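See structure below.
The values are calculated or read from the model by the stated rules, or taken from the named source; none is laboratory data. None of the values given here were measured: they were computed from a predicted structure. Counting neighbours? That spans all protein chains shown, and the Cβs are built from the backbone with ideal geometry, glycine included.
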Amino acid sequence: MYWYALVGLLATTVLIIENFDILFSRGDNQKFHEIKIYRRFLFGIMAYYITDILWGLLDSLQLFSLLYLDTLVYYVAMAVGVLLWTQFVVTYLGEDNAFSRFLSNAGRFCFAAVMTITIVNIFTPVLFWFDENGTYHACPARHIQLLFQIILLMLTSVYTFRVILHSEGTIKKRYQTICMFGLVVASLLLLQLPYPFLPLYTIGYMLGSSLLHAFVVSNEVDELLQRQSELAIAANEAKSSFLSNMSHEIRTPINTILGMNEMIMRECDKSDTDILMYSKNVITAGNTLLGIVNDILDFSKIEEGKLEIIPEDYELSSLMNDLINMIKTKLDDKRLHLNLEIDKNIPERLHGDEIRIKQIITNILTNAAKYTEKGSVTFSVSYEKIEDDPNALMLKVAVKDTGIGIRPEDMDKLFIRFERFEEERNRGIEGTGLGLSITENLLKMMDSSLNVESIYGEGSRFSFSIRQEVVDWQPIGDYEETWKRSAKSVVGYREKIEAPEAQILVVDDNSLNLMVFAGLLKQTGIKIDKAESGDEGIEYALKKHYDIIFLDHMMPEKNGIETLHELKADPQGINRDTPYICLTANAISGAREKYIEAGFTDYLTKPINTEELENMLLKYLPEDKVRLTTDDGEPDQLTQSEDEIPEAFKELQDKGIDVKTGIVNTGSVRSYISVLELFYETIEDKSSEIERYYRNEDIENYVIKVHALKSSAKTIGATELGYEAQLLEEAGKRKDIEYIEAHNDAFIEKYRGFKEPLSYALKKYNKGEKGDEAGRIADRAVMAGAYEKLKDAAEDMDCEKLDQIFKDMEGYIIPEDEGKLFSELQEAAKEFNYKTILSLLENVH
Ligand code: ADP
């Protein structure tokens, strides 16, 4: 009977090979319920096969007692197989009806019956017996229970057949296979009835389970794995987008904290060194936090595949200068020496993603500073020509330090996100373990990678080389020299650019911004059309071609992006190829990608920085329309004298207006005056407007108005008012009504509070211009006389007289301490409110 054992062995081998994953893997697919049941069924039939193998062996070896035992187990295993099969079919079809319940119970009954008969057989042969020669004899119960099993298997096929009729495609095929399985095994079992010594049942299972494997289980497992990997990808995407949203959200309050901290530093008593020290610590911690949040944001963007490489022309010396300024302070703090090895022949103007390159080098330079305690950091930049590409080069950057070094076993972990090593040793060093992972990813996006060499305890060298296009082969020379030269040329640029033929359009709902914009470009001679809304801008752009169109992002009704889309939607539009530049007050990282994605060519942050605006013009105006004058960039006399703060405005410094910043923002004293006048004149209207929206709970328009005020205030140098407006704007955006309620009134009061000092300063300036400033300040006597006359006129309810008095006083500068009262009187006179005039004057002596 060895052959009997051989068939069992073959069946077991086939079963194991086909179903190895399901039987032995502890992987995730075990979670899948049906597969779990199927696995149990496989173990059941494997147990049966083993009893078959043993049967063959024990019989051949004539070990009859063991053979008897094995036969008992054999019958039980057979019934277990059928029981598990019915369970699998019922679970797989997933139906809950009378048939499915009957099948499950019938399976259990069959098993219980076989168990009982087997036990009874130990005492009296009902299933089988062996004679003294060891020959096996079957009894009637054997046939009956086999018949039972056959019927049960057939029933599973009938049960499955029902659903085959209603299904299609792959599912149908799977059901057909399950149905076939029942039939095949039942038929072979039927054949075995008269031939107990033929291993037909085993062969039936072997055939059936192969069919199942081919048409049901392997597909099912593949699908499951596919589903699981889809779920994992979705979960990862959700995580990345959560991280990116969170870091955006976190950045806003951090910026507020840093802004408020700056106010504390500015306003606190400079002799209070403790407060200044605390404030400085807030800056350091705040900036570190911001760095971490930015890293997380970048990292999640990389994971989401949203980070793009945006190549632009850039100046290598300026890039390097930024990096060196940044690292120099860090190294100085730790008394580390900085060595520079900058190849003098590298071309100065390259084309690539300057921002990302800066980020990469910043990461490795900062690491060098972080992980070095003594010695030096060497920053080298060189290049190699590319043989078959005359317009590009390989930019080679290396940063070498004499720091702690990296153990060879840690090298592999360098680029793993959130992985930091030697935590114990590096405890005092801040970091997230994200820097190098981001660096490596960014380099990968630029077809490069980071090389690391390190000797533990001696130092490390991080290097990479990336392909950059060359805009101009003019060599950089001595980098520090070149940078100074280029910085100088930007400073003096205001006098150097002329573009009288150029025509640009600027769209902003804030008239003050339009004025500033025009003021900044006055000396260039550029023709500027100004529009105060998206629709007005579109009207202009339909009629005329512009060399550049500047669009404010946040405007009521039609915002910048909507305006842009409308303009670009017209395929015949005359301004289809015009560069569009977005003006925005939201200078967050990632803004660049956002605006470029929206269709803008570039963006500028507000308050507009003159240099940046000029750089934009140089970049986007047609070359033939821009002339550069030949002077060497020294500011001329006019500008120099213009940049001085006029006497009349000096006092504004103490009233919350940083005049110097205002002049820089508006380009010249002259523009500043006009802007300041406009700011002053609109205080009343704008504050009432904000109040009205506040009262009507119209948060949307409230946000737009405080947003506009934020940028106007920052432009004139009223930084604190600007910050407060920004906080209200942010509160409005997140619908934080509580914050607005708590701060709006004080904010409006502060805004209105600017009326007095501005009116005083502007008048003083205008009088000074006319040259008769000294004699015109209203002294005590003049004021007392005026009050007296006002009192009389109010008592007589004589409005004409009141008017005349105020007209007479226009020639005077009202002393500051009287300003508030005087304008209240003026306000009351306008409304013919004689009672108020009298009550205001009651306490004046
Ligand atoms: P971290 O934010 O921790 O600095 P990074 O991704 O930039 O994260 O670096 C990962 C780890 O690599 C660091 O925690 C540090 O152990 C090691 N490392 C990076 N740069 C250096 C260096 N110049 N010298 C020694 N170790 C370094």
Fill in the blank from the handout: Leu198 vs (1) aliphatic (A, V, I, L, M); (2) in contact (Cβ under 8 Å) with a residue 12 or more places away in the chain; (3) assigned to a loop (DSSP other than H, G, I, E, B): all pass except (2)
Handout entry: Filtered residues of region 698-713 (kept if more than 16 Å from Asp509 (Cα to Cα) and touching a residue at least 12 places away in the same chain (Cβ under 8 Å))
Key = Ile699
Handout entry: Qualifying residues in region 268-303 (those that are loosely packed, with under 14 Cβ neighbours inside 10 Å and of a type in the set (Ser, Thr, Tyr)) - the one nearest to the ligand (Cβ to nearest atom)
Key = Thr288
Exercise for the section: Residues being within 11 Å of the ligand (Cβ to nearest atom) and among the hydroxyl-bearing types (Ser, Thr, Tyr): count how many of those fall in region 376-413. Expected result: 1
Exercise for the section: Give me a count of the residues in region 183-203 that are more than 19 Å from Met154 (Cα to Cα) and buried (at least 21 other Cβ atoms within 10 Å of the Cβ). Expected result: 1
Exercise for the section: Determine whether Ile324 is assigned to a helix (DSSP H, G or I), within 16 Å of the ligand (Cβ to nearest atom) and surrounded by 18 or more Cβ atoms within 10 Å (Cβ to Cβ). Expected result: no
Practice task
Considering each residue of region 665-697, count those that are touching a Ser or Thr at 6+ places or on another chain (Cβ under 8 Å) and without any contact (Cβ under 8 Å) to a residue 12 or more places away in the chain, and give that number.
Solution key: 0
Completion exercise
Picking from Lys239, Lys301, Lys280, Lys306, the residue that is basic (Lys, Arg) and assigned to a loop (DSSP other than H, G, I, E, B) would be Lys306
Practice task
Determine if region 378-400 includes at least one residue that is at pLDDT 95 or above, farther than 25 Å from Glu312 by Cβ and within 32 Å of the chain's Cα centre (by Cα).
Solution key: yes
Practice task
Would you check if Tyr456 is away from the ligand (no atom under 11 Å from the Cβ), at pLDDT 90 or above and over 33 Å from the mean Cα position of the chain (by Cα)?
Solution key: no
Problem - Inter-residue pairs, beta-carbon under 6 Å, first under 15 Å from Phe464 (Cα atoms) and in region 342-357, second at pLDDT 90 or above and assigned to a helix (DSSP H, G or I), 6+ apart - result: Arg356/Leu442
Fill in the blank from the handout: The residue that is farthest from the chain's Cα centre (by Cα), considering only those in region 510-544 that are small (Gly, Ala, Ser), in a helix (DSSP H, G or I) and at pLDDT 90 or above, is Ala541
Completion exercise
Matching residues in region 342-375 (within 13 Å of the ligand (Cβ to nearest atom) and acidic (Asp, Glu)) number 1
Completion exercise
When Leu436 is run through (1) surrounded by 21 or more Cβ atoms within 10 Å (Cβ to Cβ); (2) assigned to a strand (DSSP E or B), the failure sits at (2)
Exercise for the section: Determine whether region 546-559 contains at least one residue that is among the acidic types (Asp, Glu), more than 32 Å from the chain's Cα centre (by Cα) and over 30 Å from Glu700 (Cα atoms). Expected result: yes
Practice task
Quick one: in region 304-316, of everything that is surrounded by 18 or more Cβ atoms within 10 Å (Cβ to Cβ) and not acidic (Asp, Glu), which residue is nearest to the ligand (Cβ to nearest atom)?
Solution key: Leu307
Exercise for the section: Spot the failing condition for Tyr493; the list is (1) surrounded by fewer than 17 Cβ atoms within 10 Å (Cβ to Cβ); (2) modelled with pLDDT under 90; (3) more than 16 Å from the ligand (Cβ to nearest atom), and only one is missed. Expected result: (1)
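Table: residues versus (1) part of a helix (DSSP H, G or I); (2) out of contact with any Leu (no Cβ under 6 Å at 6 or more places or on another chain); (3) modelled with pLDDT under 90.
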position: Ser104; (1), (2), (3): yes, yes, no
position: Gly107; (1), (2), (3): yes, no, no
position: Phe148; (1), (2), (3): yes, yes, no
position: Ile151; (1), (2), (3): yes, yes, no
position: Phe161; (1), (2), (3): yes, yes, no
position: Arg174; (1), (2), (3): yes, yes, yes
Handout entry: Check on Leu319, within 28 Å of the chain's Cα centre (by Cα), more than 16 Å from the ligand (Cβ to nearest atom) and closer than 30 Å to Ala238 by Cβ
Key = no
Completion exercise
Among Arg461, Arg420, the single one that is assigned to a strand (DSSP E or B) and near the ligand (Cβ under 9 Å from one of its atoms) is Arg461
Practice task
For region 755-768, state whether one or more residues are farther than 13 Å from Phe649 by Cα, among the hydrophobic types (A, V, I, L, M, F, W, C) and crowded, with 18+ Cβ neighbours inside 10 Å.
Solution key: no
Problem - Pairs where the first residue, in region 393-420, is over 23 Å from Ile466 (Cβ atoms) and β-branched (Val, Ile, Thr) and the second is away from the ligand (no atom under 11 Å from the Cβ) and modelled with pLDDT of 85 or more, C-beta under 7 Å, 6+ apart - result: Thr402/Gly375; Thr402/Ser376
Practice task
Please list, ordered by first then second residue, the pairs with beta carbon atoms under 9 Å, 6 or more apart or interchain, first in region 423-442 and more than 12 Å from Ile364 (Cα to Cα) and modelled with pLDDT of 75 or more, second part of a loop (DSSP other than H, G, I, E, B) and near the ligand (Cβ under 6 Å from one of its atoms).
Solution key: Gly433/Arg420; Gly433/Phe421
Exercise for the section: Output yes when any residue across region 630-646 is modelled with pLDDT of 85 or more, of a type outside the set (Lys, Arg) and more than 29 Å from the chain's Cα centre (by Cα), and no when none is. Expected result: no
Practice task
Filter region 216-238 for residues that are closer than 18 Å to Gly305 by Cα and either touching a residue at least 24 places away in the same chain (Cβ under 8 Å) or surrounded by 15 or more Cβ atoms within 10 Å (Cβ to Cβ) (or both) and give the result.
Solution key: Asn236, Glu237
